[in-house]
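See structure below.
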């Protein structure tokens with residue numbers, strides 16, 4: 001692992017060039033402690049679908065006042081599958097600019113379904129901004145002009161030049177800064193990968209396999225659906241991650257990471273609930289007190305009530 005220090009436009013960041021599993025594992029505890037991971041990729045042979053490859057994956061995260069950037073070389077001996085755990089199962093928000101490109105490419109090439117994703121481009125578009133490329137947004141909000149010369153450079157040559165490393169690092173640095181600015185303003189950039197294969201949608205008339213859940217006070221006579229049980233498990237495993245709307249959207253559109261694993265095991269592989277029934281079940285659990293909304297508008301586990309209450 002090679003380590004660099006660089007000074008960006010008014011910011012400083014530490015840059016780590018990662019080309020072995022050992023060097024990646026050294027950074028894992030630091031990434032796990034972060035609340036968000038900014039992610040970007042650079043590809044080679046992008047003009048040929050059969051020969052296209054991901055050359056590097058950039059990961060940026062905040063560590064106290066500084067930003068740390070890891071540039072993971074995926075063309076060498078390093079297995080890209082080491083990215084699966086932080087990208088699919090890590091509790092951090094994964095931040096991308098134009099996730100419909102980066103998240104899709106990570107799935108196509110590595111089989112990694114990144115989740116949950118905040119798309120800074122989508123958040124800007126939802127906010128009514130015009131011109132939502134990373135370059136345009138960075139210019140507008142930070143007053144810095146990103147030099148895109150290296151965007152179409154040759155990312156297959158090793159070692160990577162300093163100019164390439166700096167370009168790659170600044171992409172995730174500014175993506176992370178945009179995310180922090182957007183979330184401070186209450187903007188949402190929720191993005192979910194589409195299902196890998198056609199899956200049947202539940203409609204309200206479809207029966208959902210049900211199992212009684214006890215220990216819910218006077219409600220012991222009620223039977224909560226398999227979907228409701230999955231929602232409870234998701235919220236218990238990832239408290240504070242989802243808003244009501246984001247969880248309903250996630251359930252109705254993707255099967256990635258820990259959320260997808262819970263849904264697969266609880267309601268089966270061939271069913272994706274609709275947004276409406278997902279929202280209905282979440283509202284029902286909120287009314288029962290099985291889950292609750294915290295002061296930040298995020299879902300957390302509710303109280304467990306004894307049967308004699």
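I need the shape label for region 2-191. Rule: rounded when a/c is under 1.5, else prolate if a/b > b/c, else oblate, with a, b, c from the alpha carbon gyration tensor. Before the final figure, lay out the partial values.
Working: a/c = 1.27, a/b = 1.25, b/c = 1.02.
In terms of gyration-tensor shape, rounded.
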- Quick one: in region 77-127, what % of C-alpha pairs are over 12 Å apart? 64
- Item | Alpha-carbon centroids, region 65-105 and region 20-58: separation in whole Å | 4
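Rank by packing, highest mean first: peptides 80-86, 157-163, 66-72, 44-50, with packing defined as the count of other Cβ atoms within 10 Å averaged across residues. Write down the numbers at each step before the final one.
Working: 80-86: 17.4, 157-163: 12.7, 66-72: 22.3, 44-50: 10.7.
Top to bottom by mean Cβ count within 10 Å: 66-72, 80-86, 157-163, 44-50.
No value in this document is a laboratory result; all are computed from the given coordinates. No experiment lies behind these values; they were computed from the predicted model shown. No Cβ is skipped: glycine too gets one built from the backbone with ideal geometry, and neighbour counts run over all protein chains shown.
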